[in-house]
Amino acid sequence: MAETESNPELDLDRVAELVPVIRDRLLHIRERVESVGGTVGGAGVDGVQVMAVTKGHPPEVAAAALAVGAHLLGESYAQELVRKAPLIPGAAWHFIGQLQSNKARVVAPLVRVVESVDRASLVRELARRSPGHEVFIEVDLARSAGLAVAGRGGVELDRVDELIDVATGAGLVVSGVMGVAPYSAMQPLGPAAIGRAFGLLRSIVDRRSLRHCSMGMSDDLELAVAEGSTMIRVGTALVGPRTVQAG
């Protein structure tokens with residue numbers, strides 16, 4: 001835990017308690033990935049990268065995840081990221097939540113990738129504030145399955161190519177796409193339908209020769225890996241249920 005030993009703002013005893021718990025959970029995630037023919041890899045390594053989604057958790061959770069080798073950390077709220085990122089040097093932060101254009105200036109300097117780019121106005125603001133920044137295009141998979149889910153971000157499937165071109169034209173580096181499994185309590189979908197939606201996301205990666213396909217979370221990571229995910233975003237199954245109010 002070299003990255004955290006000199007930081008007086010972290011409860012190092014709590015970090016030490018969490019390390020074996022999260023290590024065991026990470027091993028279980030690896031087993032789940034392997035059960036559908038995938039392999040867990042790190043940065044620059046072929047296979048599936050595991051992102052620890054630490055939103056709603058204290059910084060000690062993020063520090064423990066980093067200590068056991070989960071270098072990718074995901075946050076969804078700008079204010080929480082601003083509080084947490086300086087405490088965890090050495091992490092590769094990704095922003096995975098809906099991002100307001102006026103928050104781009106504070107988020108971009110703290111993260112390696114903004115995964116939730118879904119509109120031209122956000123492209124313009126990121127390009128202005130952080131030229132050459134790496135981004136993923138978020139795709140609305142709910143609409144691809146015929147669902148209308150309020151509050152979900154993402155560009156529609158038939159506009160993905162247009163937004164990729166806008167982003168690259170603005171000087172951003174589009175290296176992948178991101179999507180959330182289509183889900184609605186009113187219209188529950190089975191694994192086959194979710195798998196088809198993931199397959200559509202993967203087809204964009206292949207068609208545009210992108211590197212990353214960020215899909216799959218705690219409840220559906222096997223379906224995502226089977227369809228070609230290169231990056232799974234795991235919260236509850238890796239770091240447990242949220243313990244603090246996010247935002």
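The values are calculated or read from the model by the stated rules, or taken from the named source; none is laboratory data. Given the structure is predicted, the values throughout are model-derived calculations rather than measurements. Glycine also receives a Cβ, built like all others from the backbone with ideal geometry; neighbour counts cover every protein chain displayed.
Name the single residue, out of those in the range 1-48 being small (Gly, Ala, Ser) and loosely packed, with under 12 Cβ neighbours inside 10 Å, that is modelled with the lowest pLDDT.
That would be Ala2.
Could you please give the count of residues in the range 204-213 that are crowded, with 16+ Cβ neighbours inside 10 Å and either in contact (Cβ under 8 Å) with a residue 60 or more places away in the chain or in a helix (DSSP H, G or I) (or both)?
Within the range 204-213, residues that are crowded, with 16+ Cβ neighbours inside 10 Å and either in contact (Cβ under 8 Å) with a residue 60 or more places away in the chain or in a helix (DSSP H, G or I) (or both) number 4.
To keep it simple, each residue is scored yes or no on (1) under 24 Å from Gly240 (Cα atoms); (2) without any contact (Cβ under 8 Å) to a residue 24 or more places away in the chain; (3) of a type in the set (Phe, Trp, Tyr); (4) not in a helix (DSSP H, G or I).
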site: Asp46; (1), (2), (3), (4): no, yes, no, yes
site: Gln49; (1), (2), (3), (4): yes, no, no, yes
site: Gly56; (1), (2), (3), (4): yes, no, no, yes
site: Leu66; (1), (2), (3), (4): yes, no, no, no
site: Lys84; (1), (2), (3), (4): yes, no, no, no
site: Arg105; (1), (2), (3), (4): no, no, no, no
site: Glu115; (1), (2), (3), (4): yes, no, no, yes
site: Glu125; (1), (2), (3), (4): no, no, no, no
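Residues of the range 112-129 being polar (S, T, N, Q) and closer than 14 Å to Val174 by Cβ, which ones?
Once the filter is applied, which keeps residues that are polar (S, T, N, Q) and closer than 14 Å to Val174 by Cβ, the range 112-129 yields only Ser116.
Of (1) over 21 Å from Val113 (Cα atoms); (2) among the acidic types (Asp, Glu); (3) modelled with pLDDT of 95 or more, Asp219 satisfies all except one. Which?
The failed condition is (3).
Would you tally the residues in the range 143-155 being under 19 Å from the mean Cα position of the chain (by Cα) and either within 15 Å of Ser203 (Cβ to Cβ) or modelled with pLDDT of 85 or more (or both)?
Result for the range 143-155: 2.
In the range 92-114, which residues are in contact with an Asp or Glu (Cβ under 8 Å, 6 or more places away or on another chain) and within 18 Å of Leu10 (Cβ to Cβ)?
Trp93
For residues that are within 25 Å of Glu60 (Cβ to Cβ), touching a strand residue (DSSP E or B) at 6+ places or on another chain (Cβ under 8 Å) and assigned to a loop (DSSP other than H, G, I, E, B), tally how many sit in the range 87-103.
The qualifying residues number 4.
Taking the condition of being in a helix (DSSP H, G or I) and either surrounded by fewer than 17 Cβ atoms within 10 Å (Cβ to Cβ) or in contact with a Leu (Cβ under 6 Å, 6 or more places away or on another chain) (or both), how many residues in the range 214-247 meet it?
Result for the range 214-247: 1.
So Val123 ticks every box in (1) touching a strand residue (DSSP E or B) at 6+ places or on another chain (Cβ under 9 Å); (2) closer than 27 Å to Leu18 by Cα; (3) of a type outside the set (Phe, Trp, Tyr) but one. Which box is left unticked?
So Val123 meets the others, but not (2).
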